[in-house]
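Have a look at the structure below, then the notes.
The values are calculated or read from the model by the stated rules, or taken from the named source; none is laboratory data. Remember, predicted model here, so these are calculated numbers, not experimental data. We place every Cβ from the backbone using ideal geometry, glycine too, and count neighbours over all the protein chains shown. Side chains are part of the model used for accessible areas, which takes the heavy atoms of the whole protein and leaves out ligands, DNA and RNA. Shrake-Rupley method; radii C 1.70, N 1.55, O 1.52, S 1.80 Å.
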Amino acid sequence: MIANLDPVTLARAQFAFTISYHFIFPSFSIGLASYLMVLEGLWLKTGNGVYANLYRYWLKIFAVVFGMGVVSGVVMSYQFGTNWSAFSTKAGPIVGPLMAYEVLTAFFLEAGFLGVMLFGISRVGKGLHFFATCMVALGTLISATWIISVNSWMQTPAGYAINVKGQFVPAGSWLPIIFTASFPYRLVHTVIASYLTTAMAVGAVGAWHLLKDPANRGARKMFSMAMWMAAIVAPIQILAGDQHGLNTLEHQPAKVLAMEGDYEPSPDGAPLILFGLPSNDEGRVRYEVAVPHIGSLILKHDPHAPLPGLKDYPRDIWPPAPIIFWSFRIMVALGFAMLGLGLWSLLARVRGKLYDWRWLKRAAILMGPSGFVAVIAGWVTTEVGRQPFTIYGLLRTAQSHSPIGAPAVAVSLLAFVIVYFTAFGAGIFYLLRLMSKPPLAGEPEPQPIPQRAAGITPAASVAAHLPGEA
């Protein structure tokens, strides 16, 4: 029965499963690293011990998140060799160096200063420690930059040539490869999403502890900072998303049309389909609820601007509209919910009730996981919308797969499911345990690494058994 399954579908499911788990950790660590940098900077500037306590509180959480992100990310590289060797062979001359730069950034810049950041609070000067925190925050952003560069090249390839072996190679300068047409939009959208993800998580933790103890200074400070982030950054993210959508319409029109459910061309302006059941087989959206002309207003900023339909493109390049139609709506709905929470907090702040409105705090707790759901929904929209290509318009997914049978992929997929749910489930449970403890004055710093390595006998024990000594 397993042998009859499609190995390409299984490989895609495996990659989707592992990267969905992985994606939630870098999106959190990018935001947390910058948040920690802000906390330590405010502490050095103001001398307010609340910032120092919050720094130590979130530093422990960051250490776990960072470690889980590294471990879950290592698996992604192996899959390029096991399941997608044809893609690696053809795209390796371009994708390989960019991925190598990301690894160098992660392990030399981030990990290099991470030890000082985690264990050097009382061991190095304040300036040096703050520098280490800044380097870790910068390293997470640079790592994200290289990954987004790789993905953007696969979405909007440029600056390449094809050699006699059928490989994609640089046509000259690397600049067109690194800075493709979609790169700046994807980078801005992803980084802001990471900041909002962190703001929602921090706000939820602060709200949780405020409901139990409204006078907790640390909880009040983290809740206030998170709500400021939601109120200021959520509108920016909506604007960035709009610009990203316009760019995608220019370079990947079939993806946008599938997201919107626009199968038919609209010469006098496309409607905005709010809900419905898209069907690629039938070429229509069943039970649609639509608002006339609003689709063109959003995509062209003109309610009567003509828009093509999916039927204007060959059916064999249609993305799976039923998936990205809904993943896109989940992402957008959560983005507007974050905006609503931010505006609600502004109203409470103006009225001097930011820490008093219990329903605001309950809403913040409810919105705690929203950033993680939104980034996964956005990833699904971007990557599934690129189908049936791995390199858009140039290399199909079916041509990128390794010559490996379905049973082998199925067994490894099952192993990943078991291991991931066990290991990362335990890690997430531990993170929730850390977050459930209220921030208190005099937060202890993370314990230093053990002084004893495996197989090495401590010096004191050796001395105690030297000849002639008791």
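Is it true that some residue in region 202-218 is touching a residue at least 24 places away in the same chain (Cβ under 8 Å) and over 22 Å from S436 (Cβ atoms)?
Of all residues in region 202-218, those touching a residue at least 24 places away in the same chain (Cβ under 8 Å) come to 202-214, 216-218.
Going one step further and asking which of them are over 22 Å from S436 (Cβ atoms), we end up with none.
No, region 202-218 has no match at all.
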Can you tell me which of (1) modelled with pLDDT of 90 or more; (2) more than 20 Å from the chain's Cα centre (by Cα) is the one S85 doesn't meet? (1)
Just checking, which of H209, H189 is modelled with pLDDT under 95, open to solvent by less than 50 Å² (accessible area, probe 1.4 Å) and more than 20 Å from the chain's Cα centre (by Cα)? H209
Contact list please: Cβ distance under 9 Å, first residue in region 117-136 and of a type in the set (F, W, Y), second residue outside any helix (DSSP H, G or I) and modelled with pLDDT under 90, pairs at least six apart or on different chains. F119/E445; F119/P446; F119/Q447; F119/P448; F119/I449
If we scan region 82-92, do we find a residue that is within 27 Å of E383 (Cα to Cα) and of a type in the set (A, V, I, L, M)? yes
Answer yes or no: is there a residue in region 266-278 that is among the hydrophobic types (A, V, I, L, M, F, W, C), open to solvent by less than 10 Å² (accessible area, probe 1.4 Å) and out of contact with any strand residue (DSSP E or B) (no Cβ under 9 Å at 6 or more places or on another chain). no
Report every pair of residues separated by at least 6 positions or lying on different chains whose Cβ atoms are under 6 Å apart, first residue within region 303-316 and touching a residue at least 24 places away in the same chain (Cβ under 8 Å) and hydrophobic (A, V, I, L, M, F, W, C), second in a loop (DSSP other than H, G, I, E, B) and open to solvent by less than 80 Å² (accessible area, probe 1.4 Å). L307/A270; L310/Y263; L310/W318
Does at least one position in region 164-175 carry a residue that is out of contact with any strand residue (DSSP E or B) (no Cβ under 9 Å at 6 or more places or on another chain), among the β-branched types (V, I, T) and open to solvent by less than 10 Å² (accessible area, probe 1.4 Å)? no
Just give me the residues in region 392-409 being in contact with a helix residue (DSSP H, G or I) (Cβ under 6 Å, 6 or more places away or on another chain), in a helix (DSSP H, G or I) and open to solvent by 20 Å² or more (accessible area, probe 1.4 Å), in sequence order. A398, P407
Quick check on region 164-184: of everything there that is touching a residue at least 40 places away in the same chain (Cβ under 8 Å) and either in the same structural domain as L366 (by TED's automatic domain parsing) or not aromatic (F, W, Y) (or both), which residue is nearest to F87 (Cα to Cα)? Q167
Test result for L239, touching a His at 6+ places or on another chain (Cβ under 9 Å), within 30 Å of M367 (Cα to Cα) and either without any contact (Cβ under 8 Å) to a residue 40 or more places away in the chain or outside the structural domain of L347 (by TED's automatic domain parsing) (or both): no
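So that you can scan it fast, the table gives a plain yes or no per residue for (1) at pLDDT 90 or above; (2) in the same structural domain as T248 (by TED's automatic domain parsing); (3) over 30 Å from M225 (Cα atoms):
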| residue | (1), (2), (3) |
| --- | --- |
| R284 | no, no, yes |
| H301 | no, no, yes |
| I324 | yes, yes, yes |
| L334 | yes, yes, no |
| M338 | yes, yes, no |
The listed residue being in contact with a Pro (Cβ under 7 Å, 6 or more places away or on another chain) and either crowded, with 19+ Cβ neighbours inside 10 Å or on the phi < 0 side of the Ramachandran plot (or both), out of G203, G245, G295: G295
Please give the helices (runs of 4 or more DSSP H) falling wholly within region 1-111 in which 2 or more residues are in contact with a strand residue (DSSP E or B) (Cβ under 8 Å, 6 or more places away or on another chain) and in contact (Cβ under 8 Å) with a residue 60 or more places away in the chain. 85-104
Quick check, is S72 open to solvent by less than 40 Å² (accessible area, probe 1.4 Å), modelled with pLDDT under 85 and under 20 Å from the mean Cα position of the chain (by Cα)? yes
